[in-house]
Amino acid sequence: MNCSNSFRVEASVPMAFGSAPRFNLSAFQSNSNLAKYSSFRDRQRGMTMALTNMTDGESSHEVWYEGSWRTVALEKGSLVCPPEEAGDSFKSSLRHVYTYDTRDDPRMASSGVLMRNTLEVAGLGGDVKFVKNTLEGQQHIALPSFGIALAFSGSLGFLQSLGGQSSRINDRFFLGGPVVMRGFRTKGLGPRGSGKSSSSCAKGGDAFFTAGVTATMDLPSRVLQALNVKGHVFCNTGNNIAVGGGRPVWKQMPSMLSNYRAVLGMGMVVPLQVGRLEANYCLPLRVMPDLGDRLARWQLALSFES
């Protein structure tokens, strides 16, 4: 398994004739080669059942069941997790996704709100037990008098292991990269272990937060304006921490917030049919290289908005 690949076979039918809600049944397999950033490879095989497309105006709900057999294979000499956390595990979980979205354009919004909450509970059988929640929010405000659009965004996540267990590396949060946390390399912010190089030892965290403000404006070029290419300036902050041992995650929230990192930057944004392309220059404001922060001043990224 030297590369990442996946396949899924899925069947979907409406819950009732002519109704919007749908029942989905799928079988899948994914192979993820994460050796470059985290010195391990992850293989997952399983099935999902879901109720989707349950909408009410701008709100929607999804309910998923997943049963999956996971295999973590560590690279030789890797210490990103104890050997007992590698190998095979079986996850049986329920997941609920709530989305409220009034944005005028998910690729490059100038007005509207997005709120998305994902709650997953694992332990309905199997040997993986946790409660995992991720909350994401966006507020977009157009200021036509100044020719700019402001965007305020934030996210917060926690992974609480149950039964006194430590979390597994393939369930943790990873932070960093031009889409997730500008100014940091992919998986470049958060706990680090030992590996073949300093770039391949991201361990992942049990709690994270991000917050940011972005101002987007037209560029002084008719050609770029015709192509809908925008300029933006931004400030991002965030952190990602490990707890371990099944200890209460919420008790570590003050430490997570006080050890925040911050980045200021500017760049160009190009809306595409599938998302948006960003080219950015980033200036670190508050970083902690002694904790393994891996920075990236110049970044180019394609994000898929949903």
Practice problem: Kindly provide the set of residues from the stretch 188-210 that are open to solvent by less than 30 Å² (accessible area, probe 1.4 Å), outside any loop (DSSP other than H, G, I, E, B) and at pLDDT below 85, ordered by number. | Solution: S200
Quiz item: Within the stretch 216-237, which residues are on the phi < 0 side of the Ramachandran plot and not in a strand (DSSP E or B)?
Solution: L219, P220, S221, R222, V223, L224, Q225, A226, L227, V229
Quiz item: For the stretch 19-88, list the strands (runs of 3 or more DSSP E) that sit wholly inside it and hold at least 3 residues that are of a type in the set (A, V, I, L, M, F, W, C) and under 21 Å from the mean Cα position of the chain (by Cα); which are they?
Solution: 59-74
Self-check item: Single residue of the stretch 137-159 satisfying the filter (modelled with pLDDT of 95 or more and open to solvent by 60 Å² or more (accessible area, probe 1.4 Å)) that is farthest from R116 (Cα to Cα)
Solution: I141
Quiz item: Could you list, in sequence order, the residues of the stretch 220-240 that are surrounded by 21 or more Cβ atoms within 10 Å (Cβ to Cβ) and farther than 22 Å from L150 by Cα?
Solution: N239, N240
Quiz item: If you check V213 against the conditions, is it open to solvent by 50 Å² or more (accessible area, probe 1.4 Å), in a loop (DSSP other than H, G, I, E, B) and within 19 Å of C235 (Cα to Cα)?
Solution: no
Self-check item: Residue count, the stretch 114-154 (criterion: closer than 28 Å to R43 by Cβ and in contact (Cβ under 8 Å) with a residue 60 or more places away in the chain)
Solution: 0
Exercise. Quickly run through the stretch 268-306 and pick out the residues that are among the hydroxyl-bearing types (S, T, Y), assigned to a strand (DSSP E or B) and open to solvent by 50 Å² or more (accessible area, probe 1.4 Å).
Key: Y281
Self-check item: Positions within the stretch 244-282 being closer than 26 Å to C201 by Cβ and in contact with a Ser or Thr (Cβ under 8 Å, 6 or more places away or on another chain), in sequence order
Solution: G244, G245, G246, Y260, R261, A262, V263
Quiz prompt | Residues located in the stretch 175-187, provided they are touching a residue at least 60 places away in the same chain (Cβ under 8 Å), surrounded by fewer than 23 Cβ atoms within 10 Å (Cβ to Cβ) and at negative phi | solution = V179, R185, T186
Quiz item: Mind checking which residues of the stretch 83-93 are touching a residue at least 24 places away in the same chain (Cβ under 8 Å) and surrounded by fewer than 15 Cβ atoms within 10 Å (Cβ to Cβ)?
Solution: F90
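The values are calculated or read from the model by the stated rules, or taken from the named source; none is laboratory data. This one's a predicted model, so the numbers in the text were calculated from it and none came from an experiment. We place every Cβ from the backbone using ideal geometry, glycine too, and count neighbours over all the protein chains shown. Ligands, DNA and RNA are stripped out before the accessible areas are found, and what is left, the full protein with its side chains, is counted by its heavy atoms. Shrake-Rupley method; radii C 1.70, N 1.55, O 1.52, S 1.80 Å.
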